[in-house]
Every structure is written in C-alpha cells, then in structure tokens.
Amino acid sequence: MAKQVSPQGLTWYQDARFGMFIHWGLYALIGHGEWVMHLEHIPVVEYEQLAPRFNPVKFNADEWVALAADAGQKYIVITSRHHDGFSMYDTALSDYKVTHTPFGRDPIAELAAACARHGGIKLGFYSSLLDWHHPAYRFRAESGLAWADYLDFLHGQVRELCTNFGDLACLWFDGDWPLHALDEDSAYFAAGGSFEYERLYDMIHTLQPDAVVLNNRHADPLPGEDIQGFEQDLPGMNTAGFNVGTVSDLPKEVCMTINTSWGYKPADHNHKSSRHLVHMLARSASAGANYLLNVGPTPEGEIVPLHAQRLRQVGAWLQTHGAAIYGTRAGTIPPTGETVSTQREATHYIHVLDYVSDGVVLKQAPTTIQHAQLLANGQELMLEWQGEDLLIVLPEDGRDFYNTVIELR
C-alpha cells in the first residue's frame, strides 16, 4: 500500500489554507509565459541561449517571504524545474541550472533560508514530470539513452528537493501528458510507460513524512497522492477545461492566477481585483480547499508591484477575518447566491460576499445556533428563526467592502 502524509502534516496543510505559487524561470526573459518554448516552437539550442542572459540582480528572498507573510500566506510553492528543463536550484544532476548563469546563486536555497528565518512560512516545490530539454525525455533515439535514464534524473531531483532544503510543505507535480494533446511520448505511454509513481511517492513520504503530495494532472487521484488539485476552478467546476475528474474525498487545493498568466507576461493586464481574490479565498475554504495564488516574477527577480499590492490587500482583510479561514473546514451551511460558509467545530462563519437586502437568510443552519456577531468587531446581530430558515439582520454600517463575516455560535 502506498504511503501517505503524516496526520499532523495533513492537518497543518489544511489549516494553512492560503499559499503563494511562484512560476519563475528562463521564460521570464521572453515575457510570453512559461509555455513559450513549446508554443512558439523554440528549438533547444536557441532556448539555451537564455541562460547566459539570466541575472535577476533584484531578487531578494527575504522580501518575497515578507510579502507572503503580509498577504497572510502560510506556504510558498516555487517551480524547481518547469517543462523547459531549466533547474532553478543547484542540482547535482544537470549543468542546465541557475547557478551556471551570470546570477550564479541558488534562489531556492535562499528562499529556504528566508522561510526558516521567518518561521511562519513553509516551502514547497513544483516539479515538472516532463522535460523538453533532457536527452532521455525527448531525444532518446539521438542520445541512445533509455526511459530509465530519465526516471533516474526525475526521481533523483525529487530526492534532492526532499533532502537539501529542510522540512517541506508539499511536492506539487505537473505534466502527466497522456491526458493531454502532446504527442512527444504518446507511443511510449500508450505502451504502458510510467513515471513509477508508487516508488516516487513512497520516497517523498519517507524523506518528508509531513509533506503532502499533489499531482495536478490526474483526473482522479492515485494512491500516495494526499491532495486533489483544481486549476483555475473551484472543486466541482470545469470552466477552465483542466478538471475533468470527479471530486474525491481527499482534501483539496485550488491554484489560480492574479492575472491570466502563470509565468511573467507584461502584456497581460487582466489583473483580478483584491476583492475578487478575497472572494476566491473564501469560496475555496468553503469547499474545503486551500487557495494557492500565483505570482510570476520579472527577469530581474521582482514580484510585479501591482500583484504585491493586491496580495497585501488580501492580507489586510485576513488580519481581521483570518479566524474564518485558517484552521477551518468546508462549511455545512449551504451557500446562497450571496453567501458561503466555513466552520471550525461548533462555530460557523458566514461570508457575505454580496447584498440583496439587510437580511441574510440561511437554510439548513443548525437549530442550536443562538448567537450571531460580526467577526471583525464582535458587534451582536439580530437573528430570528422563520420556520426552518435563519434570518440575520446585517446593518449597512457593519459591512466590509471585501467580505463581511458573521460568526455564529
């Protein structure tokens, strides 16, 4: 039987509820997103010429961790290696890495040290299962290498991530393309090839027993995966076209972008409002899911200022309303057109995201509820049972621009 994360590790991850995703690599130099190598058909030898130009002199790990703390985020997940094959840490398994650039430093090691100094934020890693650069992944006919050689590299890098950077929050996998329309290895996978997940996941759970494993490309989770992921959608929705599986009983995570892009793309001005981000955080928590919100740093190593501003605005809301997010589980009071709910044991939190009237009407609320107050300041609210419905009167001067939270006991 496949190993799973420790109970305390899983509890920590669910309690954290809010994390920062970071997509950063050579693709930032082009500014067309992290898929640019594939979408613009850039040959390996041409793409490799980005490495001698990579020198993010403004990168400051402490500033990134401080921003996550200001945003109220409890963990950071950064791309250790994306599909382009470039490693963003000082791996011993490849020379195609950040320490062989003019920058010459290991930003992931610096982030791990900054997280340790801060003490309240854990580090996790995104790892690509595929590699458009590695000779044993795409170019076996030319290189004479075997699939086993690529597995040695992939598993070896995951072992490095699990042993070189302290206690981790998670390992986050992406790129199991048999489910997608890429054909570079379709014949191999059709013949039964695999990434040997059971061996890979057991290694992670042995080396990092408190770290959760998530694979964002599986329609239905496999044994050894601790979290079910959803991209650009809430659980049970598939407007983005990525989330075709059934919603499982596993704890969940939603990953989303602030604009439209994952990697740095300065032409993408479709930035979501901070109010919308707060709503998505609340909606995710109400569905029992963490909210992993992405930033795509610049080639110079800075997080886009507008994104930093929006994150800090979410953090300001959490300063007052964090009890309705951290440590909560999926709400049992059904959502309405204006509200969702979270709960912690016998305390329920109603997130009022929109207003039709002064009265908030809840159906199927526990009949034991006797007290309602604003979470922000403890102001008592009038409640009245109307048959099986619970009416709570929310005065206009008690409303929060981002999300008004009512605490029910």
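Exactly one residue out of R275, R312, R329 is among the basic types (K, R), within 17 Å of E253 (Cα to Cα) and in contact (Cβ under 8 Å) with a residue 60 or more places away in the chain: that is R329. Within the range 349-358, the set of residues being surrounded by 12 or more Cβ atoms within 10 Å (Cβ to Cβ) and modelled with pLDDT of 95 or more comprises Y349, I350, H351, V352, L353.
For every residue, the table says whether it meets (1) farther than 18 Å from H32 by Cβ; (2) surrounded by 16 or more Cβ atoms within 10 Å (Cβ to Cβ); (3) in the same structural domain as A169 (by TED's automatic domain parsing); (4) under 16 Å from the mean Cα position of the chain (by Cα).
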residue	(1), (2), (3), (4)
V244	yes, no, yes, no
N270	no, no, yes, no
S286	yes, yes, yes, no
E300	no, no, yes, no
R310	yes, yes, yes, no
H321	yes, yes, yes, no
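Of the set (1) over 25 Å from H23 (Cα atoms); (2) among the hydrophobic types (A, V, I, L, M, F, W, C); (3) buried (at least 21 other Cβ atoms within 10 Å of the Cβ); (4) out of contact with any Asp or Glu (no Cβ under 9 Å at 6 or more places or on another chain), all apply to A346 but (3). Of the strands (runs of 3 or more DSSP E) lying entirely inside the range 318-369, those containing at least 2 residues that are out of contact with any helix residue (DSSP H, G or I) (no Cβ under 6 Å at 6 or more places or on another chain), closer than 25 Å to Y291 by Cα and of a type outside the set (A, V, I, L, M, F, W, C) span 339-344, 347-352. Counting the residues of the range 272-282 that are surrounded by fewer than 17 Cβ atoms within 10 Å (Cβ to Cβ) and assigned to a loop (DSSP other than H, G, I, E, B) gives 1.
Of the listed requirements (1) part of a loop (DSSP other than H, G, I, E, B); (2) under 20 Å from K74 (Cα atoms), E253 misses just one: (1). D397: out of contact with any Phe, Trp or Tyr (no Cβ under 7 Å at 6 or more places or on another chain), among the charged types (D, E, K, R) and farther than 27 Å from R17 by Cβ, yes or no? Spelling it out, D397 is indeed out of contact with any Phe, Trp or Tyr (no Cβ under 7 Å at 6 or more places or on another chain), among the charged types (D, E, K, R) and farther than 27 Å from R17 by Cβ.
The values are calculated or read from the model by the stated rules, or taken from the named source; none is laboratory data. Remember, it's a predicted structure, so these values are computed and weren't measured experimentally. Cβ coordinates were reconstructed from backbone atoms using ideal geometry, including for glycine residues, and neighbour counts include every protein chain displayed.
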